[in-house]
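One structure is given below, encoded as structure tokens.
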2 protein chains.
Amino acid sequence: MPATTTRPGASRTRSWWGWGYVDSHPDDAECISLGALLPGTLARPLPIPRVADLSIGRPVITPAPALAHLVTAAPEARAAHAMGKAYRDVMRALRGRPGRIPDLVARPAGDQDVADLLEWAGEQGVAVVPFGGGSSVVGGVEYRGDAHRAVLSLDLTAMDRVLEIDADSRAARIQAGALGPLLEDQLRPHGLTLRHFPQSFEFSTLGGWLATRAGGHYATGRTHIDDFVQSLRVVTPAGAGTSWRLPGSGAGPSPDRLFLGSEGTLGVITEAWMRLQERPRHKASASVAFADFHRALEAVRAIAQSDLAPANCRLLDPGEAAMSGASQDGSTVLVLGFESATAPVGSLLATALDLARSYGGRSEEPTDGSDAAADGADGAVSAWRSAFLRMPYLRDGLARMGAVVETFETAATWDRIPALIDAVRTEVGAAAAKATGHPATLNCRLTHVYPDGAAPYFTVAVAGRPGDEIAIWDDIKAVANDVLHRHRATITHHHAVGRDHRSGYDRQRPEPFALALRAAKGALDPHHILNPGVLID
Amino acid sequence: MPATTTRPGASRTRSWWGWGYVDSHPDDAECISLGALLPGTLARPLPIPRVADLSIGRPVITPAPALAHLVTAAPEARAAHAMGKAYRDVMRALRGRPGRIPDLVARPAGDQDVADLLEWAGEQGVAVVPFGGGSSVVGGVEYRGDAHRAVLSLDLTAMDRVLEIDADSRAARIQAGALGPLLEDQLRPHGLTLRHFPQSFEFSTLGGWLATRAGGHYATGRTHIDDFVQSLRVVTPAGAGTSWRLPGSGAGPSPDRLFLGSEGTLGVITEAWMRLQERPRHKASASVAFADFHRALEAVRAIAQSDLAPANCRLLDPGEAAMSGASQDGSTVLVLGFESATAPVGSLLATALDLARSYGGRSEEPTDGSDAAADGADGAVSAWRSAFLRMPYLRDGLARMGAVVETFETAATWDRIPALIDAVRTEVGAAAAKATGHPATLNCRLTHVYPDGAAPYFTVAVAGRPGDEIAIWDDIKAVANDVLHRHRATITHHHAVGRDHRSGYDRQRPEPFALALRAAKGALDPHHILNPGVLID
């Protein structure tokens, strides 16, 4: 298939230190306005950091001559690959203390390049950190420590093509380095869509979604990227392999499921056959306000346990609803959306609204959306969506004002959800206030719901103490992780483990699986060069 | 929760050599009638084999005294645990040539018993073959070869309780040895159901379904038992572990997915928290006849790619339709069924029927089923279901008439399905006729359909040559496996790999996963005692 698509955003400049595009960053005036929302923040924003101010040494290694054309040691490239986009990362950049900067950045053009780079790195004892869009918020794409003589960031984004489409089976073979918009642009002419729209959609890749088991667009049912994988191609230091394209199989443990979520520690996912959808032709959405958050939880559980399967079923607590403009009156807001390529969805929405009302919800008139209105619906729904995409930029603006502001997410079964959310509110809110002496904001929304549980997502914002912001966040996060652990809530539902969640992951993972994973790592990565420090040692 | 349920079927005698209950076996007269359908079969049925006629030696090992109360060496128990229920197994019993008979049969009462038995077996070099309902049709529950001094069959069926129910999250903690009917009997008072109804339902266990990644009740969408697992408890020779109960998680590769499908090679699944359903209150079903099989395939694909998600969407080719009584006029028959606990499903069925008609289907009037009519619908639907459950008994009756009669199944993406089915029909049919000199029957149905493909299920029946039946079946099966491999169709969609599918599995499994699996096996089963010969060496 000829690749003629222009890369979306190609003319815009990506920020090396903060979220997204430079031209979308809040300017100083907006930063000051943001800061005014949080008592105790700085009077003036921290200056935008410059690569030239970093002390980037010369790389301690040069690539083999045969690989030189794939590799750069340019300071800008190295700085942009030094970290992900967590609050910790942004603040480290703002404070001029980034982590260890990779010696080299490689941009392989294909599988053989990846294999050659891994072979060279294994021989040389060079750590290899696979890098997609670089949007990790868990320390997943940096190097920590000094056990390796040099570090190579393996940037997959030159491998960004849709290589093949099987229209009969509604599936496509896609290179792992394709960023969300480019991937969808290549599918659109075929009337197909992957329909995986994480908040990082513009700045994350298929390979990143697969390696981190990303949670996606659909608030209910199949939404983890795992479920849309038909086959994977993986290049490991011990050899490459491709699983068969199958709609289902009972042949042994799923080979793909071992690499999904392996976060670059077992091999490099270079391409995948993905299951696609037709573009939805029918849409309907509405929002429902609740006076009581716990009653709203019950309503959401009832909807999640029905057969209705809304595409969107996001519950915003009063703070979250206010922040996103969905409601300013202290209500909890449920954003409901249905979509289908087959049949009108108005009656599904009506049934869901009836259910919500039976738990005390007050709904506006539902809106039927055409495919043109598509992903932009109305009222609270639309307000929430715009705010959703803008949020990481605002976080960086607040960071420049010296705020400690970050998100964390989890999932738990319904029997634990109410007490879990209450405990996070109380304990994490108290920890944030105690660590800073300032009032803290703690908001919660449910991003995904299942018949057996839900995925709550929390946002913490509090003014920091200049220079201590990262230590403060680490303290808050430690309390958060402790609450999650006591309530047996997962350390991550869709942000991955990376380096920041290692201790929580180690406590969660059953010991027999730890033994198996360590053995698998030893077999596939005998020189232990792949993303050291992530998941396993 | 008090366990007061009587074990269903407790008063009936299970066959040691054939399918199911002895009192359901076809008698000699019915065997003769069955044989009359296949030219060239015997005039009289082979005699029913007796344990007393087997040469069962004394066990070569005795259990440690502390374990003696868990273990029996009774010939009847050993014979009943020597093999599964494949045609090969039945014919081996009929011909008096069963495989190696286990020395001992253990029935642990709990996890500690399992751990103690594994420890003893590891010390003694005794092979351990985990055994649930014993319904394997792929040589999954026997021992082949002589690399181990003794063989222990580990029968889990004494661990058959529903231990805990979480009604909020609609989930239950269930011991792995529960057979289907007992499991459902314990859930029914709570208004809940696992809704996993494989053909072997009466004679297979939760643990067996999990260890083999069984395909289940639903013809579309989530149907593999994998998707209904919330958490697993596994006892391995290297220690036991339990995954957390989570509705979703992005923390590393799924620990459960490594043990799902591991077929007893990595550890013994002793219990699981399973996601449950409410019992459906609304049902509707209908059948659609097609003059052309390939047009029917297109109709099924359209339905599978819609959002309709029928619970039943089984396509029977003319032979299969005739055999099950669904149609005698050479039509291909599509059996469609919808069910829901939330809302009436009549309009979903109507939409699906409209779709089917647009591909040339002729439908009868749909039938709305109440919950009482439940799993028995009407007309062709009902005829098919009765035939479905009776089929394995009839297979054994035909085996007694010297026929070679067995099933095999697979899955492939839609782009390959038409050519795959045509090739199986032509090549396997020809191989069966050539191997026997008799006309062969080869029927096909689709058991499960997905947006990206389908799972065809084939039945072969042909008169054998007395004494050569197993060799003939092996020849036919080799041709079948070759056709599947050439068409990149999986070696198994829901029957597991066992020992019979090893060569096909080895060809299908990507090499990096093979390396990882072998390493995991070495770490969890260092003495290589668990189900030797299955999946990996």
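So the values come out like this:
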quantity: Test: residue in segment A:490-513 that is of a type in the set (A, V, I, L, M) and free of Cβ contacts under 8 Å to residues at least 60 places away in the same chain; calculated: no
quantity: All positions within segment B:305-325 that are among the small types (G, A, S) and crowded, with 24+ Cβ neighbours inside 10 Å; calculated: B:A321
quantity: Strands (runs of 3 or more DSSP E) (entirely within segment A:372-482) containing at least 2 residues that are surrounded by fewer than 17 Cβ atoms within 10 Å (Cβ to Cβ) and touching a strand residue (DSSP E or B) at 6+ places or on another chain (Cβ under 7 Å); calculated: none
quantity: Of all residues in segment A:437-454 being of a type in the set (A, V, I, L, M) and farther than 16 Å from A:A309 by Cβ, the one that is nearest to the chain's Cα centre (by Cα); calculated: A:L442
quantity: Residue check for B:Q328: surrounded by fewer than 24 Cβ atoms within 10 Å (Cβ to Cβ) and out of contact with any Asp or Glu (no Cβ under 8 Å at 6 or more places or on another chain); calculated: yes
quantity: Failed item, numbered, when A:M274 is tested on (1) facing another protein chain (nearest Cβ under 7 Å); (2) closer than 30 Å to A:R188 by Cβ; (3) buried (at least 23 other Cβ atoms within 10 Å of the Cβ); calculated: (1)
quantity: Answer residue from segment B:56-76, given it is in contact with a Phe, Trp or Tyr (Cβ under 9 Å, 6 or more places away or on another chain) and of a type in the set (A, V, I, L, M) and is farthest from B:V404 (Cα to Cα) among those; calculated: B:A66
quantity: Residues of segment A:88-119 classified as of a type in the set (A, V, I, L, M) and more than 19 Å from A:H527 (Cβ to Cβ), total; calculated: 7
quantity: Residues satisfying the stated conditions in segment B:13-25, i.e. surrounded by fewer than 21 Cβ atoms within 10 Å (Cβ to Cβ) and either part of a loop (DSSP other than H, G, I, E, B) or at pLDDT below 95 (or both); calculated: B:T13, B:H25
quantity: Breaking point among (1) closer than 26 Å to B:N531 by Cβ; (2) at the interface with another protein chain (Cβ under 10 Å from one of its Cβ atoms); (3) not β-branched (V, I, T), for B:D452; calculated: (1)
quantity: Residue list for segment A:290-304, filter: away from every other protein chain (no Cβ under 14 Å) and basic (K, R); calculated: A:R295
quantity: Selection within segment B:420-453 - of a type in the set (D, E, K, R) and either without any contact (Cβ under 8 Å) to a residue 24 or more places away in the chain or outside the structural domain of B:A302 (by TED's automatic domain parsing) (or both); calculated: B:D422, B:R425, B:K434
quantity: Within segment B:411-439, considering residues that are among the β-branched types (V, I, T) and at the interface with chain A (Cβ under 9 Å from one of its Cβ atoms), the one farthest from B:G215 (Cα to Cα); calculated: B:I417
quantity: Scope segment B:137-159; condition more than 19 Å from the chain's Cα centre (by Cα) and assigned to a loop (DSSP other than H, G, I, E, B); matching residues; calculated: B:R144, B:G145, B:D146, B:A147, B:H148, B:R149, B:A158, B:M159
quantity: B:F203 being surrounded by 22 or more Cβ atoms within 10 Å (Cβ to Cβ), out of contact with any Lys or Arg (no Cβ under 6 Å at 6 or more places or on another chain) and either free of Cβ contacts under 8 Å to residues at least 60 places away in the same chain or more than 7 Å from chain A (Cβ to nearest Cβ) (or both); calculated: yes
quantity: Checking A:C444 against (1) in contact with a Phe, Trp or Tyr (Cβ under 7 Å, 6 or more places away or on another chain); (2) farther than 30 Å from B:F228 by Cα, the condition it does not meet; calculated: (2)
quantity: Count of residues meeting criterion [buried (at least 23 other Cβ atoms within 10 Å of the Cβ) and more than 7 Å from chain A (Cβ to nearest Cβ)] in segment B:505-516; calculated: 0
quantity: All positions within segment B:136-172 that are more than 18 Å from B:L266 (Cβ to Cβ) and within 14 Å of chain A (Cβ to nearest Cβ); calculated: B:V137, B:E164, B:I165, B:D166, B:A167, B:D168, B:S169, B:R170, B:A171, B:A172
quantity: Segment B:172-197: number of residues that are more than 18 Å from A:T413 (Cβ to Cβ) and assigned to a helix (DSSP H, G or I); calculated: 9
quantity: Tabulated pairs, segment A:464-483, first acidic (D, E), second in a loop (DSSP other than H, G, I, E, B), C-beta under 8 angstrom, 6+ apart or interchain; calculated: A:E469/A:R95; A:E469/A:G402
quantity: Residues within segment A:519-528 that are part of a loop (DSSP other than H, G, I, E, B) and surrounded by fewer than 22 Cβ atoms within 10 Å (Cβ to Cβ), tallied; calculated: 3
quantity: Residue that is under 23 Å from the mean Cα position of the chain (by Cα) and either farther than 22 Å from B:W209 by Cβ or assigned to a loop (DSSP other than H, G, I, E, B) (or both), where the choices are B:G133, B:G122; calculated: B:G133
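Residues are listed down the side, and each one gets a yes or a no for (1) polar (S, T, N, Q); (2) closer than 20 Å to A:L446 by Cα:
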position: A:G248; (1), (2): no, no
position: A:D256; (1), (2): no, no
position: A:L260; (1), (2): no, no
position: A:Q277; (1), (2): yes, no
position: A:R281; (1), (2): no, no
position: A:A304; (1), (2): no, yes
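For every residue, the table says whether it meets (1) under 16 Å from A:V462 (Cα atoms); (2) surrounded by 12 or more Cβ atoms within 10 Å (Cβ to Cβ); (3) out of contact with any helix residue (DSSP H, G or I) (no Cβ under 7 Å at 6 or more places or on another chain).
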{"residue": "A:A36", "(1), (2), (3)": "yes, no, yes"}
{"residue": "A:I48", "(1), (2), (3)": "no, yes, yes"}
{"residue": "A:V51", "(1), (2), (3)": "no, yes, no"}
{"residue": "A:R58", "(1), (2), (3)": "no, no, yes"}
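The values are calculated or read from the model by the stated rules, or taken from the named source; none is laboratory data. All values reported here derive from a predicted model rather than from experimental measurement. Heads up, the Cβs are rebuilt from the backbone with ideal geometry, glycines too, and the neighbour counts pull from every protein chain shown.
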